[in-house]
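Notes for the one structure printed next.
The values are calculated or read from the model by the stated rules, or taken from the named source; none is laboratory data. Bear in mind the structure is a predicted one, so any value in this text is a computation, not a measurement. Here the Cβ positions follow ideal geometry from the backbone for every residue, glycine too, while neighbour counts run over all protein chains shown. Remember, those area values only see protein heavy atoms, side chains included, never the ligands or the DNA or RNA. Shrake-Rupley method; radii C 1.70, N 1.55, O 1.52, S 1.80 Å.
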Amino acid sequence: MTFRSGFCCFVGRPNAGKSTLTNALVGAKIVITSDKPQTTRHAVRGILTREDAQLVLVDTPGLHRPRTLLGERLNDVVRATLAEVDVVGFCLPADQRIGPGDRFIAQELADLRAPVVAIVTKTDTVGRQRVAEQLLAVSQLGSFAEVVPVSAVRGDQVGLLADLLVAQLPEGPMLYPDDVTTDNDVETRIAELIREAALDGVRDELPHSIAVTVDELTRRESGLRDVFATIHLERDSQKGIVIGPQGSRLKRIGTTARPGIEELLGERVHLALHVAVERDWQRDPKKLDRLGF
């Protein structure tokens, strides 16, 4: 049997369903999800291994017209990834009309050497007629190897999408051990789980202003793991929102994030969160470097 292996990059404007689709294909929570734009800030690799193939999925930040230095760097991450993959999945949500952002991305993809599979996501949120209209609109947006509708939430046609992506891969050996689902390091995954919890319920500019770093991982004699992490914000006024009255919101962030961290580490965890202000970090090159961007 021929074995295929290679890399697939999911692109699309912010909140197009890329992260949810990555998790559905891998069959595990690799990427955090949120309805806030620009939730994904790194190129996250999820690994799908089958008898006939190994598909390495790279979930990228949403490609957009940047307003900050962080935005420019996120776009650089996307473009660098696009230049190296074997196939591209262009995600367009079924519940939103084709807009300038989609056309902007379609133009960026037109010059790629890699084949592009157009994916109409979130089909569970609309009726069949709307899905059909979106498929037609997407097919007119560019020259694609395939156009396929999927619902990552319901699992509709996720297997078919995997088959279509694998078909575009070159023949090659297994790139990762067959029991590995991501190559992201543990501290990055912990920080992302905390940021996912922190994003819940905040609005306006605050989601963009939140960054998380893991400062220390230690183990007590009892075996309990201590995780010390910092939530970074851009302004003093944001601190009270994240901490909440008598620390109630910060406590809720910890309570929400802890189960996912315990599942990731496979042991009981004490999570200690600290909130700090890094003024205008999205626009400061040194602060961006320090925060890992």
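Sequence-ordered 3J(HN,Hα) estimates for the stretch 281-293 from the Karplus curve with 6.51, -1.76 and 1.60 and θ = phi - 60° stand at 5, 5, 10, 10, x, 5, 5, 4, 4, 5, 8, x, 10 Hz, glycine and proline given as x. Trypsin sites (Lys or Arg not before Pro) within the stretch 189-286: which are DSSP loop residues with at most 14 other Cβ atoms inside 10 Å? Here the trypsin sites (Lys or Arg not before Pro) that fit, given the DSSP loop and packing criteria, are R203, R220, R235, R268, R279. Comparing T68, L206, Q282 along the charge dipole axis of the chain, the residue lying farthest to the positive side is L206, per the Cβ-charge model. Counting lysine pairs in the chain that sit 8 or more residues apart in sequence, or on different chains, and whose Cα atoms lie under 20 Å apart gives 8.
Contact order for the stretch 48-108, expressed relative to its length and based on alpha carbon pairs under 8 Å spaced 6+ residues apart, stands at 22 percent.
Over the chain, DSSP H runs of length four or greater, each weighted -39,500 (n - 2.57), average out per residue to a 222 nm ellipticity of -11000 deg cm²/dmol. In the context of the full set of protein chains, the chain has a per residue accessible area of 47 Å² (1.4 Å probe).
On the beta carbon distance between R252 and A276, with R0 = 22 Å, the FRET formula returns roughly 0.70. Think of each Lys and Arg Cβ as +1 and each Asp and Glu Cβ as -1; about the Cα centre, that makes the dipole of the stretch 193-293 roughly 180 debye.
Please report, as a whole percent, how much of the solvent-accessible surface of the chain comes from carbon and sulfur atoms (probe radius 1.4 Å).
48 percent
Of the GluC sites (Glu not before Pro) found in the stretch 117-210, those in coil by DSSP whose Cβ has at most 14 other Cβ atoms within 10 Å are E205. The charge dipole of the chain, taken about its Cα centre with unit charges on the Cβ of Lys, Arg, Asp and Glu (plus for the first two, minus for the last two), comes to roughly 960 debye. Computed extension gain for A137 through N184, at 0.36 nm per residue and net of the alpha carbon distance, reaches 13.3 nm. Measuring nothing but how far apart in sequence close Cα pairs (under 8 Å, 6+ apart) lie, relative to its length, the chain scores a relative contact order of 18 percent. Expressed to the nearest 5 percent, the antiparallel share of DSSP beta bridges inside the chain is 35 percent. For the chain, a Gaussian network of Cα nodes joined below 10 Å ranks P93, P245, P259 by mean-square fluctuation, and the top entry is P245.
Between the Cα long axis of helix 186-199 and the first principal axis of the chain there is an angle of about 80°, rounded to the nearest 10. The long axis of helix 69-82 is offset from the longest Cα principal axis of the chain by roughly 40 degrees.
Of the residues R130, R13, R258, which exhibits the maximal mean-square fluctuation in a Gaussian network model of the chain defined by a 10 Å Cα contact cut-off? Its mean-square fluctuation being the largest, the pick is R130.
If you take the square roots of the eigenvalues of the alpha-carbon gyration tensor of the stretch 63-121 and sort them as a ≥ b ≥ c, do you get rounded (a/c under 1.5), prolate (a/b over b/c) or oblate?
In terms of gyration-tensor shape, oblate.
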